[in-house]
Amino acid sequence: MFGPVLKGERVTLRPADDSDPPRFVPWFADMEVTRYLGRRSAAALYQEVDFFKKVGESKNDVFWILESDGAAVGATGIHGIDWPSAHATTGIVIGEKSKWG
């Protein structure tokens with residue numbers, strides 16, 4: 001599922017939309033961006049579209065797009081949620097390297 005809009009002072013978390021999958025293709029083609037991710041290979045656009053569809057329909061994942069200064073810069077999520085045990089894995093990727101640091 002896509003999470004609700006959460007606004008902070010510097011960052012907004014928002015649900016994904018159709019404009020988001022194409023952003024991830026160049027980000028995930030960059031080895032510096034994927035350095036600490038579980039996947040180390042570039043993804044094609046159709047793979048990103050499939051991922052967004054699956055995560056949007058999932059009952060055990062919550063996913064957000066990270067925005068800074070009104071522009072998408074990455075994503076975060078809570079994945080593999082075991083609701084009865086209150087256990088999950090979280091992650092974050094900042095694909096826009098100008099926002100690192």
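For this structure, a couple of remarks:
- Answer from SER41, SER58 - the residue that is more than 17 Å from VAL5 (Cα to Cα), more than 15 Å from the chain's Cα centre (by Cα) and of a type in the set (S, T, N, Q): SER41
Residues are listed down the side, and each one gets a yes or a no for (1) of a type in the set (Ser, Thr, Tyr); (2) closer than 15 Å to ARG14 by Cα; (3) not in a strand (DSSP E or B):
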site	(1), (2), (3)
LYS53	no, no, yes
ASN60	no, no, yes
ILE65	no, yes, no
ALA88	no, no, no
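- Within the stretch 71-97, being within 14 Å of ASP61 (Cβ to Cβ), of a type in the set (Gly, Ala, Ser) and surrounded by fewer than 18 Cβ atoms within 10 Å (Cβ to Cβ) holds for GLY80, ALA88, GLY91.
- Any pair with Cβ under 6 angstrom, 6 or more apart, that starts in the stretch 77-101 at a residue that is more than 21 Å from PHE2 (Cβ to Cβ) and ends at one that is modelled with pLDDT of 95 or more and of a type outside the set (A, V, I, L, M): LYS99/SER68
- Count of the stretch 67-86 residues which are more than 28 Å from ARG10 (Cβ to Cβ) and of a type in the set (Ser, Thr, Tyr): 1
- If the condition is being touching a helix residue (DSSP H, G or I) at 6+ places or on another chain (Cβ under 6 Å) and either free of Cβ contacts under 8 Å to residues at least 60 places away in the same chain or assigned to a helix (DSSP H, G or I) (or both), then the stretch 1-21 contributes ALA16, PRO21.
- Some residue of the stretch 45-59 being of a type outside the set (Ser, Thr, Tyr) and touching a Lys or Arg at 6+ places or on another chain (Cβ under 8 Å): no
- Tally of residues being surrounded by fewer than 11 Cβ atoms within 10 Å (Cβ to Cβ), of a type in the set (S, T, N, Q) and within 13 Å of GLY95 (Cα to Cα) across the stretch 21-55: 0
The values are calculated or read from the model by the stated rules, or taken from the named source; none is laboratory data. Note that the coordinates shown come from a computational prediction; the quantities given were computed from them, not determined experimentally. Virtual Cβ from ideal backbone geometry, glycine too; neighbours counted across all protein chains shown.
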